[in-house]
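Student: Sharing a structure below in structure tokens format, with a few things to ask.
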Amino acid sequence: MSVGTESTAVDVRIMTRAELALRGVSLDAPVRRPDGAGPSDDGHFVIGHGPADGAGAALPRNPDSPYSVRDGRVWLGEEDGTLTDTGLTLTPVLRPKFYDLTTADGVSYERIARLHGKDVLATTVVQTCIRYAESDRCRFCTIEESLRADATIAAKTPAQLAEVAEAAVRLDGIQQMVMTTGTTTGPDRGARVLVRSVRAVLAAVPGLPIQVQCEPPGDLAWIRALHDAGATAIGIHVESLDDEVRRRWMPGKSTVPMAEYEAAWDEAVRVFGPNRVSTYLLVGLGENPDELIAGAGSLIERGVYPFVVPFRPMSGTLAARDGIPAPGAELLRYVTEGVAAKLRAAGMTGADQGAGCAACGACSVLRSAGG
Ligand code: SF4
């Protein structure tokens, strides 16, 4: 096979994965994450090229998608009704056993933490955010919607998290945990509750890789405290490096200047080590794609993994209310390939984060592109 043919095959694969991330699949999956923090409200699947290989994939379930699943394979429906085999396999992640348990004080485990991808336990420790007033709120965020829908509780105690993590590891083979939080009042911006939560979970499940996610704490000593509590990795999520985009999409969060993000990333790399720090970059907020790729390159040079994810207008977001569409698959492919090439050149992989969204990879196309 010539190099040209190989790269064409790779391009087609990345394009298909990008299309799936944006258009989803028509299928009834038994596991679906409802509203929450972050860019995903998808069904969780294992995607691969055969039964033996498979990575987690968070994909929208969309009855109108041209992609459907039959006998575990993904088919693309053409307008004339013919079906083309994409060569991809897709298996829904089944409802985990720990969802059926309840704490001694009567809270369903499912409302405390949820299964993400194929083996990640994810929780939003504080499900409220000081920036959730409509004038301040990030326009892609639904952190308080799951609270309104009574799908979760506002604050998870360290004891509850420890209890659920122990069961999820024992019953469902969870490999790592992601702890995020809405921004709290006070200069730690949420880091304080994460420190307590990490300590409690690790006391119950020693050695479980945990990623914490928070805004840059006003006092950078919190980054050391999170590491000393035992966190493996940290996500400090900026979502866009373009100040104009930040102001438009994140009126509250953009009041934290980029310089604070840069200082927090640098301190986190110093404390956690290179490629143990990550940030989300959303594709489709209106930024220049080449500037986005170049900005991701600067993050990589700093030791920060840029987790590139498509913006999608989830129900309950201000963006969906305002009719803002998801980006096109070609834009997502272009940015993903550009960033993946820089990651490969730097020898940086999401898996090496050890824990967190980049290690899971389900919400991004980066892994298919070799990042
Ligand atoms: S990438 Fe992050 S948000 Fe997406 S499924 Fe994995 S852990 Fe959850």
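Student: Take K97, K342 and sort them by solvent-accessible surface of the protein heavy atoms, 1.4 Å probe, largest at the top.
Tutor: K97, K342
Student: Can you list residues from other chains, or at least 5 along the same chain, whose modelled amide H is less than 5 Å from the amide H of Q176?
Tutor: Amide H neighbours of Q176: L121.
Student: Take each uninterrupted DSSP H stretch in the chain, measure its Cα extent along the helix axis, and return the ones at 27 Å or beyond whose mean Kyte-Doolittle hydropathy is at least -1.0.
Tutor: Membrane-span-like by this rule: 3-23.
Student: Once both labels are modelled 7 Å past Cα along the beta-carbon direction, what's the A346-I153 spacing in nm?
Tutor: With each label point 7 Å from Cα toward Cβ, the separation is 3.9 nm.
Student: Of all accessible surface on the chain at a 1.4 Å probe, what whole percent is carbon and sulfur?
Tutor: In the chain, the share of accessible area belonging to carbon and sulfur is 52 percent.
Student: Per residue, how much accessible area does region 94-369 have with a 1.4 Å probe, in Å²?
Tutor: Result: 37 Å² per residue.
Student: Return the single residue from L171, L292, L59 with maximal mean-square fluctuation; model: Gaussian network over the chain, springs between Cα atoms under 10 Å.
Tutor: Comparing L171, L292, L59 in the GNM, the peak value goes to L171.
Student: What's the magnitude of the charge dipole for the chain around its Cα centre, counting Lys and Arg as +1 and Asp and Glu as -1 at the beta-carbon? Answer in Debye, nearest 20.
Tutor: 780 debye
Student: Which ³J(HN,Hα) values, rounded to whole Hz and listed in residue order, are derived for region 146-154 from phi using the Karplus coefficients 6.51, -1.76 and 1.60 in 6.51 cos²θ - 1.76 cosθ + 1.60 with θ = phi - 60°, glycine and proline given as x?
Tutor: Coupling constants for region 146-154: 5, 5, 4, 7, 6, 8, 8, 10, 5 Hz.
Student: With the chain treated as a Gaussian network of Cα nodes joined by springs under 10 Å, which of S197, S135, S278 yields the largest mean-square fluctuation?
Tutor: S135
Student: Once the dipole of region 259-371 is set up with Lys and Arg at +1 and Asp and Glu at -1 on Cβ about the Cα centre, which of P325, C360, A341 lies farthest towards its positive end?
Tutor: C360
Student: To check you understand DSSP bridge types, tell me what percent of the beta bridges within the chain (both residues inside) are antiparallel, rounded to 5.
Tutor: 50 percent
Student: Write down Rg/Rh for region 94-369, rounded to two decimals, with Rg from the C-alpha atoms and Rh from the Kirkwood relation over Cα pairs.
Tutor: Computed over Cα atoms, the ratio is 0.94.
Student: Toward the positive end of the charge dipole of the chain, about the Cα centre and with charges on Cβ (Lys, Arg +1; Asp, Glu -1), which of G235, P206, G350 goes farthest?
Tutor: Farthest along the dipole direction, towards plus: P206.
Student: Once both labels are modelled 7 Å past Cα along the beta-carbon direction, what's the A104-D80 spacing in nm?
Tutor: Inter-label distance under the simple model: 6.8 nm.
Student: Also, quick follow-up: N62 to R321: extension gain in nm, 0.36 nm per residue of separation minus the Cα-Cα distance?
Tutor: Between N62 and R321, full extension yields an extra 91.4 nm.
Student: Starting from the Cα coordinates of region 71-110, work out the convex hull volume and express it per residue in Å³.
Tutor: 93 Å³
The values are calculated or read from the model by the stated rules, or taken from the named source; none is laboratory data. Fair warning: this is a prediction, and the values are worked out from it, not measured in the lab. With ideal geometry, Cβ positions are generated from the backbone for all residues, glycine too; neighbour counts draw on all protein chains shown. Calculation scope for accessible area: heavy atoms of the full protein, side chains included, ligands and nucleic acids excluded. Shrake-Rupley method; radii C 1.70, N 1.55, O 1.52, S 1.80 Å.
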